[in-house]
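Written out below as structure tokens is the structure these notes cover.
The values are calculated or read from the model by the stated rules, or taken from the named source; none is laboratory data. Note that the structure is predicted; figures quoted are calculated from it, not measured. Methodologically, a virtual Cβ is constructed for each residue, glycine included, from the backbone with ideal geometry; neighbour enumeration extends over all protein chains shown. Remember, those area values only see protein heavy atoms, side chains included, never the ligands or the DNA or RNA. Shrake-Rupley method; radii C 1.70, N 1.55, O 1.52, S 1.80 Å.
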There are 2 protein chains.
Amino acid sequence: MDELPEGLRRLWSPEGSARQGQPRPGLTLSRIVEAAVGMADEQGLGSVSMSRLARSLGYTTMSLYRYVSTKDELLLLMHDSAWRVPTVLDDFPEQWRPALVLWCREQRTILHRHPWLERIRITERVGTPSQLTWMDRGLRALGGVPLTEYEKGQVLLLLNGFLFWQARLAADLQESLREEERPPEEAIMGVADMIKTLVTADRFPALLRAVEGGLFALPQDWQDPQAGADADFLFGLDRILDGVQDLIDRRLAPAALPD
Amino acid sequence: MDELPEGLRRLWSPEGSARQGQPRPGLTLSRIVEAAVGMADEQGLGSVSMSRLARSLGYTTMSLYRYVSTKDELLLLMHDSAWRVPTVLDDFPEQWRPALVLWCREQRTILHRHPWLERIRITERVGTPSQLTWMDRGLRALGGVPLTEYEKGQVLLLLNGFLFWQARLAADLQESLREEERPPEEAIMGVADMIKTLVTADRFPALLRAVEGGLFALPQDWQDPQAGADADFLFGLDRILDGVQDLIDRRLAPAALPD
DNA sequence: TAAACTATGTGTATGCCGTACACCTCGCGT
DNA sequence: ACGCGAGGTGTACGGCATACACATAGTTTA
């Protein structure tokens, strides 16, 4: 516990606990982290600088360094705070598949609320309390399934990748739109038009066929972009879980070899 | 073609073509891009700054701005250059599955060679020649398959997500190790030890069981880390493609409803 | 009550970054 | 011979993270 890297130690200690009798907080670690998370949510992680953050709290840049020894440490704290595991996951569906779907949905909700989470280096999160908890819950969901523990880990990693990818798509889009001067619909229309101009039969035959066949015409009766995003999410999730199901089935009936 | 965003225009124009008879190149766009790619490959994208790049070429910072109007534009050029589609993909396996596997493998090779590609904003790549070509090849691989064009797009996007996720894991790891002062094995051991310390039965029962059950004990007879990474790659890819297979099967035999 | 200590906040300075802008200097076409 | 324009440079600005010396005020101790 004592040789933990600087930032992690704070996360695993049972709160500051006010060393002697020092009063007069003024600033507070949690206030800082909270403000930073809010700022990142609203204006993107890129706009969170030590000086802007301090100013938004009514203090000077350097005051933050009394609470955090480096910006990376602040990011780690923001990360762990945002990834707090909801209590829904204390009680699980019995079946592995609905359980995993729930696990994914909850993570998706978090990533949706804090798109910048996707940006934080994965190795940074390794020893974080929230991360270990998520891992634990995921493994519990797969508790009764006939896979090796290593394979279970692989499955969770695969799902995590999918979730992060979805988050990334959303975050990149959001950020691009933020930088655009045109209104969102117009910008998107512009890109679609551009694609249609560039995709010619000689260079991109298959793509052209797909575009004409409705690659950009959206499925079913959607209007609501939210519904579209949900449908896309479920499409990918279902493919992956079907693949996992296949693996499990094969484990259960190992006799049938391919002819 | 004329209203393309600044950076894209250059990518779609048939090469600079030396306006009149200006000689004395000295610097060259392609030399710059090449050097930037090399630097990013070797020392990470973070170490590519305009001044360091210029210095490595023997020029001053500002000289680069004669060839590129902004650093983002340079990144776009690096991106397109690195993503050039290999000619292997001009000729494809007939079967969709081996074709897609090939498609993925080739992308993986590129991402492996240029880990920083993963960092470039996805929306940035949309209109890029290389990106459209990759899309075209992927759709061709799925040419004979009974899915809607929209679904084909979804499948390709899903696979792309997986590829990017793998690249991201590798890139983050590499970068972390670069920042470490300890040698790689030692650092990795340190993390493993840390995990084992933190994972206690009361807070993480399922995780503890998994750790004891071999979550970190690697599968089969691997020693070579490369072989391990390959195995992980194939595991994920197989799950996803199995899921796609299921969908296709269901399309071919739509009669059988679940009882 | 006075003195010392210390947690908290500030101001200044350094060295990076991207890039705007004014300049300089060639070699070519006139 | 001249001037024009392309290619290269130097300087300067504002923003970034952060090191370090300093100011201040409240508690603890003498």
Go through segment A:107-126 and report how many residues are under 8 Å from the mean Cα position of the chain (by Cα) and not hydrophobic (A, V, I, L, M, F, W, C).
6
Selected residue [more than 10 Å from chain B (Cβ to nearest Cβ), in contact (Cβ under 8 Å) with a residue 12 or more places away in the chain and within 16 Å of DNA strand D (Cβ to nearest atom)] from A:Leu117, A:Leu102, A:Leu75, A:Leu111:
A:Leu75
Just give me the residues in segment A:55-90 being at pLDDT 95 or above, among the acidic types (Asp, Glu) and open to solvent by 20 Å² or more (accessible area, probe 1.4 Å), in sequence order.
A:Asp72
Given the criterion at pLDDT 95 or above and at the interface with chain A (Cβ under 7 Å from one of its Cβ atoms), identify the matching residue among B:Phe233, B:Phe204.
B:Phe204
Contact list, first residue from segment A:127-143 and assigned by TED's automatic domain parsing to the domain that holds A:Leu111 and open to solvent by 10 Å² or more (accessible area, probe 1.4 Å), second anywhere and part of a helix (DSSP H, G or I) and among the small types (Gly, Ala, Ser), beta-carbon distance below 7 Å, six or more apart or interchain, is A:Arg140/B:Ala206; A:Gly143/B:Ala206
Determine which single condition B:Leu156 fails, assuming it passes every other condition in (1) more than 15 Å from the chain's Cα centre (by Cα); (2) more than 7 Å from every other protein chain (Cβ to nearest Cβ); (3) in a helix (DSSP H, G or I).
(1)
Count of segment B:160-194 residues which are open to solvent by 80 Å² or more (accessible area, probe 1.4 Å) and part of a helix (DSSP H, G or I):
7
(1) under 21 Å from B:Asp230 (Cα atoms); (2) outside the structural domain of B:Ala229 (by TED's automatic domain parsing) all hold for B:Leu53 apart from (1)
